[in-house]
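The values are calculated or read from the model by the stated rules, or taken from the named source; none is laboratory data. The model shown is predicted, which means the values in this text are computed figures rather than measured ones. Ideal geometry is used to build each Cβ from the backbone, glycine not excepted, and the neighbour counts take in all protein chains shown. Areas reflect the complete protein model, heavy atoms only, side chains present, ligands, DNA and RNA absent. Shrake-Rupley method; radii C 1.70, N 1.55, O 1.52, S 1.80 Å.
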Amino acid sequence: MKTTNLFRVLILATGIGLVFACNKNNVNNPESSSYTNADLQTQADDQAQISQEDEAITNDANTALYSQASIAGNSSSSLESGSTTTMSTDQVNGTNGPIVGLICDATVVVDANSDPRTITITYNGTNCWGNRTRTGVVVISIPAGVHWGDKGATVTISIQDLKITRLRDNKSITLNGTKTITNVSGGLLVHLSSLGTITHTISGDLSITFDNGKQRVWSVSKQRVFTYDDGIVFTTTGTHTDSLGNTNVAEWGTNRFGVSFESLISEPKVIRQDCDFRLTSGQNTILRSDNITSVITYGLDSNGDPTSCPGTGTYYYKVVVTNARGVTFTKILPY
C-alpha cells in the first residue's frame, strides 16, 4: 500500500496549505516589497511546521490504533496489552497486507485492561526521518468496549510536551493540548475497497511554545473522507464556520507576532494513491486580521496550469497574495 509514502503525504498536504501567517514586516507595512522567496519561506515556516507535526500526531495515532486488535476491532494484532514495541519500517499487521505505517522514533505501550483503554506513544529523539527529532508523549484514550472500527467511535489524544526539532536549522516547537478523532462512518482502512467510503473528523486545540518562548493557541476542525478509486483517495475539508459566516475553516488562531488568521479549504484537497500518494488538487484561502489574503491552488504545472498526475515528478502550487490596499503578488512554487 506504500503506507510510508501515504502518511508522509498526509503530513505534507495540510502543511503546504498554511502559507502567509507570520511575517511581522508585512503587518507593519502591507505594501512592503519584501515578498521574496526568503520571505515567503519565513511567513510559511511556523504554520507549515506546526501543521505538518499536527498531522503526524494524527497519523501516529491511527498507526497505534490499528496495531491492537482488541482496540481496532480487526482480526489480528501486533501488540498485546502491557507490551512495548518499536514499530519498524517493515512492520506488516494482519493477513491483508500493511494496515498501519511506522512510528520509527517511538515506543508504544498498550493498556487494554483499563477504562478508558490507553495507548501511550513515547518519542525517543531518534532521527529516523532524517529531518527532525521528537521527544515527548502522546496518550490515546478510547472507552472500554469501543472499537476504533465502530461507527461513531471517538478517541481522545493528549499531547504532552512534544518537542520537535528541525535538524537543518535546529528550530524547535513544543506542543501541548488535546484533540479528538471520530470515526463517523465506522470501518477500517484495510477494508476500504469493500466499504466504499470512510469518514473521520478531527477537532481540538494546540498550545504552541515557539523557540523564542512565545506561546499561542491554535484550533483545528477538519474532515477526511477516504474513498477507493484505483487506490485510496483522501479528500480533506474544513468544518468550522466563523462569526462572519465563513465556512470550511480548517485552522485558526494567532501567529507568533500576534496577528490572528484562519485557513479555509476553499476547494477540497485531494490525495490519490494512484498518483503516488500526491496532493493532486485543492485550494486554501488564508485570511489574516491585517487584511492580507492569500489563495493557494494545488495540482499545477510550472506554468500554473492544471496538470495530470506526474507520479514522482514535480507538482506546483500558485499563491496569489492580496494586501490591505488591493495590491496582488503571485508566485508559483514546487511541492
Filter the cross-link list 163/214; 151/222; 179/269; 214/318; 163/269 down to pairs whose alpha-carbon distance in this structure exceeds 24 Å. 214/318; 163/269
Hey, what's the Cα Rg ratio for segment 190-335 versus the globular rule of thumb, 2.2 N^0.38 Å? 1.17
Measure off, as a whole percent, the carbon and sulfur share of the 1.4 Å-probe accessible area of segment 164-281, all protein chains present. 46 percent
With no solvent and one equal point scatterer per Cα, compute the Debye intensity ratio I(q)/I(0) for segment 137-181 at 0.13 Å⁻¹ and report its log10, rounded to two decimals. -0.43
Using the Kirkwood radius over C-alpha pairs as Rh, can you work out the diffusion coefficient of segment 207-263 via Stokes-Einstein at 37 °C, viscosity 0.692 mPa s, in µm² per second? 247 µm²/s
Given the convex hull of the Cα atoms of segment 264-321, what is a quarter of its surface area in nm²? 4.0 nm²
Residue-wise HN-Hα coupling along segment 196-201, computed from phi with Karplus coefficients 6.51, -1.76, 1.60 (Hz; x: Gly, Pro): x, 9, 9, 10, 10, 10
Would you mind working out the accessible area per residue for segment 196-238, using a 1.4 Å probe, and quoting it in Å²? 38 Å²
Take residue 211 and residue 244, extend 7 Å from each Cα along the Cα→Cβ direction, and tell me the distance between the two endpoints in nm. 3.3 nm
